[in-house]
């Protein structure tokens, strides 16, 4: 294992610090709020539900952490909270972009960026030996699913992408 991948994974992991993540969530929700209050509410609700579901599932399954992680860890391993919240956050951004933006090229760029960001967060957690691949895959899929359901129920037929 080289030093550069470790530095990259650790840097990505540091973006998941609660203060930074909360700031990113509030800044993004604030930006979206100027375009659509419902989309901003859906973003915050998706991330909140993702955190709640992660806590419930980690307690329910109680899967112990891996040996020799490369970062300091607490709590249980399954599902990955980082991947779950990243899935909910970036899926919400993507769904909002599909509804609020007009340019197909911009929508495509946001979708590719969102999927890449989810993948990068998942990769960093596996690389740092905080999770197994199944932990991050299930976490990301749950996060995306939460966001889809929340956006559907909050927006109903207010947006072509969910109605």
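For the reader, a short list of remarks on this structure follows.
- Counted residues, the stretch 39-81 - those being under 22 Å from residue 11 (Cβ atoms), in contact (Cβ under 8 Å) with a residue 40 or more places away in the chain and either out of contact with any helix residue (DSSP H, G or I) (no Cβ under 9 Å at 6 or more places or on another chain) or not in a loop (DSSP other than H, G, I, E, B) (or both): 7
- Extreme residue, surrounded by the fewest Cβ atoms within 10 Å (Cβ to Cβ), among residues of the stretch 26-38 that are in contact (Cβ under 8 Å) with a residue 40 or more places away in the chain and over 14 Å from the mean Cα position of the chain (by Cα): 35
- Options 83, 109, 122, 91; residue that is within 10 Å of the chain's Cα centre (by Cα), modelled with pLDDT of 95 or more and farther than 18 Å from residue 20 by Cα: 91
- Qualifying residue in the stretch 136-158 (condition: assigned to a loop (DSSP other than H, G, I, E, B) and in contact (Cβ under 8 Å) with a residue 40 or more places away in the chain): yes
- Scanning the stretch 58-76 for any residue that is buried (at least 17 other Cβ atoms within 10 Å of the Cβ), modelled with pLDDT of 95 or more and under 16 Å from the mean Cα position of the chain (by Cα) turns up nothing.
- Within the stretch 2-34, considering residues that are in a loop (DSSP other than H, G, I, E, B) and either modelled with pLDDT of 90 or more or out of contact with any helix residue (DSSP H, G or I) (no Cβ under 8 Å at 6 or more places or on another chain) (or both), the one nearest to residue 118 (Cα to Cα): 17
- Verdict on residue 88 being within 28 Å of residue 7 (Cβ to Cβ), in a helix (DSSP H, G or I) and in contact with a helix residue (DSSP H, G or I) (Cβ under 9 Å, 6 or more places away or on another chain): yes
- Among residues of the stretch 95-110 being touching a residue at least 12 places away in the same chain (Cβ under 8 Å) and either over 24 Å from residue 47 (Cβ atoms) or touching a helix residue (DSSP H, G or I) at 6+ places or on another chain (Cβ under 6 Å) (or both), the one that is surrounded by the fewest Cβ atoms within 10 Å (Cβ to Cβ) is 98.
The values are calculated or read from the model by the stated rules, or taken from the named source; none is laboratory data. Note that the structure is predicted; figures quoted are calculated from it, not measured. Cβ sites come from the backbone with ideal geometry, for glycine too, and all protein chains shown count toward neighbours.
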